[in-house]
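Novice: What follows is a structure written as structure tokens; I'll ask about it next.
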Amino acid sequence: MEHGYTALYEDVRLRPLEESDIEALRIWRNDAKSNRFLRDVGYITQEMQRQWFEQYKNNENELIFAIDDMDLNCMVGSISLYDICRERHLASIGRIQIGDCRAHGKGLGRKSLVMALKCGFHFLGLEKVAGSVHPENVQAYTNDMKVGFRIVGQCASVAGGMEDRIEITEKETEKVNKYYFRIMLSDRSRGAEELYMGREGRFSKTISEHDIYGFAGITGDFNPVHIDAEEAKNSIFGKQAAHGMLVSSFFSTVIGTIMPGRGSIYLSQESCFLKPVFMGDTITACVYIRSLEAENRAVLCTKAYNQQGECVVRGRAKVILPTG
């Protein structure tokens, strides 16, 4: 099913699965150790994976999300809703796969499960979501029970033995997961009216010598580590580095002109400087809404990455959202 649904909460984003994602999914699916409780389909080739993806796009009864770790700035797994029956307002939840080991132990699986459920209830009009879980699959079993699923029976397992059949409604999900209302949803296909719900803004710029000297002139910060090539050689960086606040100022560019955009009022900015930025580095500033607050205010997550994908600055900002 081709769709534009996204969900965002803290450090996790669900988004539509794209063709560029499927090779990572293939590698993870071929790892027998991590797929003990999944149906054995043998070794999956690249051609088999491509054919599967083409079939999925034409399947109106299945909805697959890529799971992005916003700290790592990449996809780390997937989750799906399948056997979708809009007439009966029912669907089944697919098993969560967190394939990137860097994302293990961070609670992303449980958050992704709740987010996928909210997408099903909100976008598909589901009233109940069902599933099954093997008692020996401790991580999945713990997640399902803590999310609020209730056991309604048993069924045969593809891994052998019996599994518990489970179900959950929106009221049960919301009751157990107090952050449910803070999960932000958007539908890319609906356009700009969903401006604040899970949208992300980005701005990229290559740092030049002119930028560094110009910033020093405007601010009066003539620290030799920034403007004196000879003295900078003896610094901890080994060469001239850009001002941290120069890089952090790109967040203002995103907030004021891209997302949330024109009319936004900057209230505060917290920044942690993780890595130096040098002349010639291309920096991408990323801003997304972490939570919505009263009085038309929002907390934004702010991160800047260099051309190697390394996070050089991270923090958060508070803004008043534009009106009208």
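Novice: Can you name every residue in segment 276-324 that is in contact with a strand residue (DSSP E or B) (Cβ under 7 Å, 6 or more places away or on another chain), over 16 Å from V247 (Cβ atoms) and open to solvent by 50 Å² or more (accessible area, probe 1.4 Å)?
Specialist: R290, L292, E293, N296, R297, K318, listed by residue number.
Novice: Tell me the residue from E18, E47 that is more than 20 Å from A159 (Cα to Cα), touching a strand residue (DSSP E or B) at 6+ places or on another chain (Cβ under 9 Å), modelled with pLDDT of 90 or more and exposed (fewer than 11 other Cβ atoms within 10 Å of the Cβ), please.
Specialist: Numbers: E47 fails: touching a strand residue (DSSP E or B) at 6+ places or on another chain (Cβ under 9 Å).
That would be E18, the only listed residue that is more than 20 Å from A159 (Cα to Cα), touching a strand residue (DSSP E or B) at 6+ places or on another chain (Cβ under 9 Å), modelled with pLDDT of 90 or more and exposed (fewer than 11 other Cβ atoms within 10 Å of the Cβ).
Novice: Name the single residue that is least open to solvent (accessible area, probe 1.4 Å) among those in segment 208-267 being aromatic (F, W, Y), under 18 Å from C301 (Cβ atoms) and free of Cβ contacts under 8 Å to residues at least 60 places away in the same chain. Can you show your working first?
Specialist: Taking segment 208-267 and keeping what is aromatic (F, W, Y), we get 213, 215, 222, 237, 250-251, 266.
From what's left, under 18 Å from C301 (Cβ atoms): 250-251, 266.
Filter once more, so that each one left must be free of Cβ contacts under 8 Å to residues at least 60 places away in the same chain: 250, 266.
On the way: F250: 14, Y266: 82 Å².
By that ranking, first place goes to F250.
Novice: Considering D71, D83, which residue is open to solvent by 40 Å² or more (accessible area, probe 1.4 Å) and in a strand (DSSP E or B)?
Specialist: None of the other options fit; the residue is D83.
Novice: What residue, of L108, L124, is open to solvent by less than 20 Å² (accessible area, probe 1.4 Å) and modelled with pLDDT of 90 or more? Show your work before the answer.
Specialist: Details: L124 fails: modelled with pLDDT of 90 or more.
Going through L108, L124 in turn, just one is open to solvent by less than 20 Å² (accessible area, probe 1.4 Å) and modelled with pLDDT of 90 or more: L108.
Novice: Separate question: Restricting to segment 11-40, name every residue that is out of contact with any helix residue (DSSP H, G or I) (no Cβ under 8 Å at 6 or more places or on another chain), of a type in the set (A, V, I, L, M) and without any contact (Cβ under 8 Å) to a residue 40 or more places away in the chain.
Specialist: Let us first name the residues in segment 11-40 that are out of contact with any helix residue (DSSP H, G or I) (no Cβ under 8 Å at 6 or more places or on another chain), namely 13, 15, 18, 20-21, 24, 27, 30-33, 36, 39-40.
Add one more test, that the residue is of a type in the set (A, V, I, L, M), and what stays is 24, 27, 32.
Correct list: A32 only.
Novice: Identify, by number, the condition in (1) open to solvent by 60 Å² or more (accessible area, probe 1.4 Å); (2) within 21 Å of R36 (Cα to Cα); (3) touching a Ser or Thr at 6+ places or on another chain (Cβ under 8 Å) that V138 doesn't meet.
Specialist: Among (1) open to solvent by 60 Å² or more (accessible area, probe 1.4 Å); (2) within 21 Å of R36 (Cα to Cα); (3) touching a Ser or Thr at 6+ places or on another chain (Cβ under 8 Å), the lone unmet condition for V138 is (3).
Novice: For segment 183-201, indicate whether the set of residues that are open to solvent by less than 30 Å² (accessible area, probe 1.4 Å) and either at pLDDT 90 or above or farther than 30 Å from V299 by Cα (or both) is non-empty.
Specialist: no
Novice: Among the residues of segment 49-66, are any in a helix (DSSP H, G or I) and in contact (Cβ under 8 Å) with a residue 40 or more places away in the chain? Full working, then the answer.
Specialist: Our first condition is that a residue be in a helix (DSSP H, G or I); within segment 49-66, this holds for 49-57.
Those left that are additionally in contact (Cβ under 8 Å) with a residue 40 or more places away in the chain: 56-57.
Within segment 49-66 (the criterion being in a helix (DSSP H, G or I) and in contact (Cβ under 8 Å) with a residue 40 or more places away in the chain), the answer is yes, since at least one residue qualifies.
Novice: Checking T6 against (1) part of a strand (DSSP E or B); (2) more than 26 Å from T142 (Cβ to Cβ); (3) touching a Phe, Trp or Tyr at 6+ places or on another chain (Cβ under 6 Å), which single condition isn't satisfied?
Specialist: Result: T6 fails condition (3) only.
Novice: Tally the residues that are closer than 15 Å to P322 by Cα and part of a strand (DSSP E or B), restricting the search to segment 248-287.
Specialist: Adding up the residues that qualify gives 3.
Novice: Among the residues of segment 200-240, what is the count of those that are on the phi > 0 side of the Ramachandran plot and assigned to a helix (DSSP H, G or I)? Even if it seems obvious, please write down each step before you answer.
Specialist: Filtering segment 200-240 for residues on the phi > 0 side of the Ramachandran plot gives 220, 238.
The next check asks that each one be assigned to a helix (DSSP H, G or I); those that pass are none.
The qualifying residues number 0.
Novice: Additional query: Looking for something surrounded by 20 or more Cβ atoms within 10 Å (Cβ to Cβ), within 14 Å of the chain's Cα centre (by Cα) and not polar (S, T, N, Q) - is there at least one such residue anywhere in segment 86-105?
Specialist: Yes.
Novice: Right, something else. Criterion first (over 30 Å from E310 (Cα atoms) and polar (S, T, N, Q)) does Q46 satisfy it?
Specialist: no
Novice: Give the number of residues within segment 21-44 that are surrounded by fewer than 16 Cβ atoms within 10 Å (Cβ to Cβ) and more than 29 Å from P135 (Cα to Cα). Outline the logic, then answer.
Specialist: To start, the set of residues in segment 21-44 that are surrounded by fewer than 16 Cβ atoms within 10 Å (Cβ to Cβ) comprises 23, 27, 30-34, 36, 38-44.
Subset that is more than 29 Å from P135 (Cα to Cα): 23.
Number satisfying all stated conditions: 1.
The values are calculated or read from the model by the stated rules, or taken from the named source; none is laboratory data. Keep in mind that this is a model prediction, so the values were computed, not measured. Reconstructed Cβ throughout: ideal geometry from the backbone, glycine too, with neighbour counts over all protein chains shown. These area figures cover heavy atoms from the full protein model, side chains too; ligands, DNA and RNA do not enter into them. Shrake-Rupley method; radii C 1.70, N 1.55, O 1.52, S 1.80 Å.
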